[in-house]
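Please treat every number below as a calculation from the coordinates, not as lab data. In this text the structure is predicted, and so the values were computed from the model without any measurement. Here the Cβ is made from the backbone with ideal geometry for all residues, glycine too, and neighbour counts use every protein chain on show.
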Amino acid sequence: MDEKNTLIDCDALVKIYKSKDVEVMALQGLDLKINKGEILAIIGKSGSGKSTLMNMIGGLERPTAGKLYLNGEDLYARTDREMVDYRKNKVGFVWQMSSRNLLPYLTSVENIEVPMYGSGRKKKQMRERALMLLDMVGLSHKANSYPMQMSGGEQQRVAIAVALANEPELLLADEPTGAVDSKTSADIQALFRRLNETLGLTIIIVTHDMKLAHNVDRVLMISDGKISTEKVMKDEYRKTMQALSDGELSSNTTHEEYSILDKAGRVQLNEDILERAGIDSKRVKIKLEGNQVIITKE
Ligand code: ADP
Ligand code: MG
């Protein structure tokens, strides 16, 4: 990977949550590099650490150990002031619940203006920019509607416009389509792809929806606080995104799946593979045949 193009570099990130008598290790030494202009999806079971990672990238959750570099600089070495600037101007968030994204007593256009207060823009410029963003997400006709007067999908589109208000270089969406139907979900995914292509925006989407794999460069699977596998879109499919979003091809065709080998030489074998190989013990044998590594039952 070209280092100059790296936007985010997660180096052995660990997050431990401590409450009275339990300790939860939400991230367990997670390594991950993300290029500028990439669009990627993160999938994984509930509790696997997806939101923890997103919040950490968004500057909301300090790692217990490990480093997170942004454009080569240690994000959590910044001063509080620099962190506030980062969260306000460099990164946009879209949450699953639209109630967390939008203020109920403001119209669409007013909601989009909220993050722009204090940005030095004049009132007129703020309004113009808000209307431009609404147009970009296809909702010009809802400028004066309140969240309650819009569908879930429309609210999420407005939320995307809010997240883009201050021209962030990074857009983070944590299960943005978790609460909408599949048609709406597909529309929102197409919107993410379009924003990625037209604005060159780096986008990370946490999702349950495997269909999203058609639309993104990489799909990362997170399990137990680490990236376990990665699906990378094959070059020949990069130019045919539209056909892919129509759902004619499965991601097994369009993407190549890799397992992640960490710095310590560990690789995770998923339950399915272990079961099919009949491996049920804690100990396995590893041998080398030519340039192939064979793992067998004890
Ligand atoms: P996901 O988004 O993949 O469902 P999370 O990142 O939210 O997973 O959570 C990972 C683990 O960390 C879970 O076991 C969760 O219960 C725990 N966890 C997350 N946030 C907190 C918190 N603020 N306090 C204590 N435990 C937490
Ligand atoms: Mg979550």
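What to note about this one:
- Comparing mean-square fluctuations of Val267, Val232, Val137 from a GNM of the chain with C-alpha springs under 10 Å, the top value falls on Val267.
- Taking amide H as placed 1.01 Å from N in the peptide plane, Val206 has its amide H under 5 Å from the amide H of Ile42, Ala173, Asp174, Glu175, each at least 5 places away in sequence or on another chain.
- Backbone phi angles across the range 163-175, fed through the Karplus curve with coefficients 6.51, -1.76 and 1.60 (θ = phi - 60°), yield HN-Hα couplings of 5, 8, 3, 9, 6, x, 8, 9, 10, 10, 10, 9, 6 Hz in residue order; Gly and Pro are listed as x.
- For the chain, built as a Gaussian network whose Cα springs stay under 10 Å, the top-fluctuating residue of Leu133, Leu30, Leu103: Leu103
- With each label modelled as a point 7 angstrom along the Cα→C-beta vector, the Lys263-Glu23 pair spans 2.1 nm.
- In order through the range 257-272: 3J(HN,Hα) via Karplus (6.51 cos²θ - 1.76 cosθ + 1.60), integer Hz, x for Gly, Pro: 9, 10, 9, 9, 9, 7, 5, 8, x, 8, 9, 9, 9, 7, 4, 4
- Taking amide H as placed 1.01 Å from N in the peptide plane, the amide H of Glu61 sits under 5 Å from that of Met56, each at least 5 places away or on another chain.
- One chain, two ends: Asp280 and Lys122. Fully extended at 0.36 nm per residue, the span grows by 50.4 nm beyond their Cα-Cα distance.
- Per residue Cα convex hull volume in Å³ - calculated over the chain: 171 Å³
- Using only Cα coordinates, the Kirkwood hydrodynamic radius of the range 88-127 works out to 11.3 Å.
- Derived scalar couplings ³J(HN,Hα) [the range 4-12; Karplus, 6.51 cos²θ - 1.76 cosθ + 1.60; whole Hz; x for Gly, Pro]: 5, 8, 6, 8, 10, 10, 8, 10, 6
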